[in-house]
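Here is the structure we will look at, set down as structure tokens.
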Amino acid sequence: MRKRDAAAWCFLFFLLASGLFGGRAASGGLREALLKASEAPEDAVAQAELAKAYNLNREPGKAFSAARQALVLMPGFPPAVLELAHASRVMGDHGQAVRLYEMYLAVEPRSLEALAGNSESLARLERWDESFASAMAAIREAPKTAEGYGALGRAYRISGRFEEAVEVLRQGLVFRSDSVAILYDLGLCFIELGDRTSALAQYEKLLELDRDTASLLFRKIYP
């Protein structure tokens, strides 16, 4: 029992060190996930939850590792597949992301986050029709929430259809006016349309919600 406790504490120290001193401060959710993972290092559920917490904390590399560990423990575990897909998308491996999203959607076809994530990766691969279809599926699934409109607006932006993107993204803001992702995409569209005043208006809104994203948009406005 003491050996098991010692091993758990060593694992906890490693996780806390990687989470708290790896470039970003751990959020409350990440700290909780780290503790759960340390208590059950061979539990696929705990590892998948840790991967999700890392993704939410914008640490896709660590999310990727935790999700892979969960899949070693439980091959095909859907929550781990989803987090691995998210991490792959953020790290730019869109081919793998699409394969993983489609694997997850075969089990959970109504998942808004999977449909939205898949739409973005398909757009990055210039598979436009499939990208728009995935985003539209999210809108049909939940027409009074922002996720699908944000996904379709982002796909339009990536494809260069900026005016259409603005219309769709504004529709998304009707349902969630504080969406950081939508405000950022909207700002990027206004930059491309030469409307710096409107882009700066999105920057001002982002300052109250997410200063890191606001700074990123500001650097796009004034490169």
Flagged in region 109-129 as more than 22 Å from Pro60 (Cα to Cα) and surrounded by fewer than 16 Cβ atoms within 10 Å (Cβ to Cβ), in numbering order, are Pro109, Arg110, Glu126, Trp128, Asp129
Scanning region 210-223 for residues that are of a type outside the set (D, E, K, R) and surrounded by 14 or more Cβ atoms within 10 Å (Cβ to Cβ) gives Thr213, Ala214, Leu216, Leu217, Phe218, Ile221
Give me the pairs, please: first residue somewhere in region 204-217 and touching a residue at least 12 places away in the same chain (Cβ under 8 Å), second residue anywhere and not in a helix (DSSP H, G or I), beta-carbon distance under 7 Å, and either six or more positions apart or on two chains. Leu209/Asp178
For the subset of region 146-199 comprising residues that are more than 18 Å from Met136 (Cβ to Cβ) and among the polar types (S, T, N, Q), which member is surrounded by the fewest Cβ atoms within 10 Å (Cβ to Cβ)? Thr197
Apart from one, (1) closer than 21 Å to Leu56 by Cα; (2) assigned to a helix (DSSP H, G or I) all hold for Gly153; the odd one out is (1)
Among the listed residues Ser88, Ser134, identify the single one that is among the polar types (S, T, N, Q) and farther than 30 Å from Leu34 by Cβ. Ser134
If I go through region 180-212 residue by residue, how many of them are in contact with a helix residue (DSSP H, G or I) (Cβ under 7 Å, 6 or more places away or on another chain), assigned to a helix (DSSP H, G or I) and closer than 22 Å to Glu167 by Cβ? 21
Go over the candidates Ala123, Ala97 one by one and state the one that is more than 17 Å from Asp185 (Cβ to Cβ) and either in a helix (DSSP H, G or I) or among the basic types (Lys, Arg) (or both). Ala97
Residue in region 157-166 that is closer than 30 Å to Lys62 by Cβ and either in the same structural domain as Gly194 (by the TED database) or assigned to a helix (DSSP H, G or I) (or both) present: yes
Could you please let me know if Leu206 is surrounded by 20 or more Cβ atoms within 10 Å (Cβ to Cβ), out of contact with any Pro (no Cβ under 7 Å at 6 or more places or on another chain) and not acidic (Asp, Glu)? yes
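The values are calculated or read from the model by the stated rules, or taken from the named source; none is laboratory data. Quantities reported herein were computed from a predicted structural model and do not represent experimental measurements. Using ideal geometry, Cβ is built from the backbone for each residue, glycine included, and neighbour counts are taken over all protein chains shown.
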